[in-house]
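See structure below.
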Amino acid sequence: MDHVDAVQSQAVQRYLLSELTGDELALFEDHMFGCGECAAGVRDSYVFAANLKAALREGDGPGNPLLNAIQEWIRTPLLVPAAAGGMARADLSADPGDTRD
């Protein structure tokens, strides 16, 4: 695997999510140990995750502004498409010729 292949296949992200298996995993690991950019991507992601866990542990609870911001950030993008999908399903199930109220 070369660097272009690693980028195009999102190998760093898939490695972090344990989505690489067999030959693909071996090829990426061989590449990563010789590629500073991919190695930095993996290392930086592990450092970020460790720092985030530590920050969340420091102020565990509903009063933690970091925890509140992260929960809001996660919740908003998930709710908007879910609500839109629910409305689309409701619109699709309605009979346009039905004039009953």
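The values are calculated or read from the model by the stated rules, or taken from the named source; none is laboratory data. These numbers come from a predicted model, not from an experiment. No Cβ is skipped: glycine too gets one built from the backbone with ideal geometry, and neighbour counts run over all protein chains shown.
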Neighbours by Cβ (under 7 Å, 6+ apart or cross-chain): first from region 11-34, on the phi > 0 side of the Ramachandran plot and outside the structural domain of S45 (by TED's automatic domain parsing); second modelled with pLDDT of 90 or more and of a type outside the set (A, V, I, L, M, F, W, C): none
Entirely in the chain, the helices (runs of 4 or more DSSP H) that have 3 or more residues that are modelled with pLDDT of 90 or more: 3-8, 11-16, 22-32, 36-58
